[in-house]
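Have a look at the structure below, then the notes.
The values are calculated or read from the model by the stated rules, or taken from the named source; none is laboratory data. This structure is a prediction, so every number in the text was calculated from the model and none was measured. Virtual Cβ from ideal backbone geometry, glycine too; neighbours counted across all protein chains shown.
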Amino acid sequence: MRRGGFTLLEILIATMILSFGLIALMSGVSKCALMITLSKEYQQAQYVFTLGELKYPIEESSDVEEDLVVDPDYELVEGYIFERTVDEKDLDTNEVDDKLYVVRTRVSWGSGEDQFEELVRYVRQVE
């Protein structure tokens, strides 16, 4: 007479299938959590950009290199750094100086080396 039930092999196969499904589910959940964290950081960086632009607006100036530079500001939002640098536009050999400057506004967080957002604009110096 044969008894009803599962064999050891059937139980092992079912356990393996279940464990592969759980591994895939946990992997998906961890990636979603990472994306939520990154999204929150980028949204906060945009907020810091807005606060920085309100506190240090870009206005017409006769000395762009002096007036628009912002040293790193750590106090807008904790953990985020707002800074602005100004460089003279590179000119080709035959190009006439058009008084354009490259303004780089940067918000960084964490270690600051790999987590940052940067906005690059051109500004003309007024006479």
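Quick look at the numbers
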read-out	value
Single unsatisfied condition, VAL126 versus (1) within 29 Å of GLN44 (Cβ to Cβ); (2) in a loop (DSSP other than H, G, I, E, B); (3) touching a residue at least 60 places away in the same chain (Cβ under 8 Å); (4) of a type in the set (A, V, I, L, M, F, W, C)	(1)
Breaking point among (1) under 26 Å from VAL126 (Cα atoms); (2) in contact with a helix residue (DSSP H, G or I) (Cβ under 9 Å, 6 or more places away or on another chain); (3) at pLDDT 90 or above, for SER108	(1)
All strands (runs of 3 or more DSSP E) inside segment 42-121 with 2 or more residues being among the β-branched types (Val, Ile, Thr) and within 21 Å of the chain's Cα centre (by Cα)	80-88, 100-109
Yes/no for LEU76 being within 14 Å of GLN44 (Cα to Cα), in contact (Cβ under 8 Å) with a residue 24 or more places away in the chain and aliphatic (A, V, I, L, M)	yes
Enumeration of residues in segment 52-73 that are in contact (Cβ under 8 Å) with a residue 40 or more places away in the chain, out of contact with any Ser or Thr (no Cβ under 8 Å at 6 or more places or on another chain) and either buried (at least 17 other Cβ atoms within 10 Å of the Cβ) or aromatic (Phe, Trp, Tyr) (or both)	VAL64
Leading residue by the ranking (nearest to PHE49 (Cα to Cα)) among those in segment 74-127 that are of a type in the set (Phe, Trp, Tyr) and surrounded by 14 or more Cβ atoms within 10 Å (Cβ to Cβ)	PHE82
Members of segment 79-115 that are free of Cβ contacts under 8 Å to residues at least 40 places away in the same chain and aromatic (Phe, Trp, Tyr)	TYR80, PHE82, TYR101
